[in-house]
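Scroll down for the structure; my scribbles are underneath it.
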Amino acid sequence: MVPYAHGVAHVVTGEWAEEKTALLIAAHALSGEIATRRNDLEVGIHHFSEAAKIEDARL
């Protein structure tokens with residue numbers, strides 16, 4: 001629920017770009033988790049790497 005609350009806060013304050021970025025990171029992280037649980041390590045690593053690249057670009 002905390003990520004949801006942060007997302008709502010970004011939207012309410014008009015920080016659309018920040019929220020879209022956070023959602024993209026979350027989508028890649030979740031996709032990576034699903035892929036690795038299915039033993040598709042190559043796809044999992046790809047998604048985790050994409051999430052990390054996006055996060056690093058925010059800093």
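The values are calculated or read from the model by the stated rules, or taken from the named source; none is laboratory data. All figures in this text were calculated on a predicted structure; none of them were measured in a lab. Ideal geometry is used to build each Cβ from the backbone, glycine not excepted, and the neighbour counts take in all protein chains shown.
Quick notes on this one:
- Filter result for Glu42 (of a type in the set (Asp, Glu), at pLDDT 90 or above and out of contact with any Gly (no Cβ under 8 Å at 6 or more places or on another chain)): yes
- Residue that is within 18 Å of Leu59 (Cβ to Cβ) and among the small types (Gly, Ala, Ser), where the choices are Ala5, Ala27, Ala17, Ala9: Ala17
- Condition check for Ala35: at pLDDT below 95 and under 15 Å from the mean Cα position of the chain (by Cα): no
To keep it simple, each residue is scored yes or no on (1) in contact with a His (Cβ under 6 Å, 6 or more places away or on another chain); (2) in a loop (DSSP other than H, G, I, E, B); (3) touching a residue at least 60 places away in the same chain (Cβ under 8 Å); (4) surrounded by 15 or more Cβ atoms within 10 Å (Cβ to Cβ).
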| residue | (1), (2), (3), (4) |
| --- | --- |
| His6 | no, no, no, no |
| Val11 | no, no, no, no |
| Glu19 | yes, no, no, yes |
| Leu24 | no, no, no, no |
| His28 | yes, no, no, yes |
| Ser31 | yes, no, no, yes |
| Gly44 | no, no, no, yes |
| Phe48 | no, no, no, yes |
| Glu55 | no, no, no, yes |
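- As for the range 15-30, it holds no residue that is at pLDDT 95 or above and more than 12 Å from the chain's Cα centre (by Cα).
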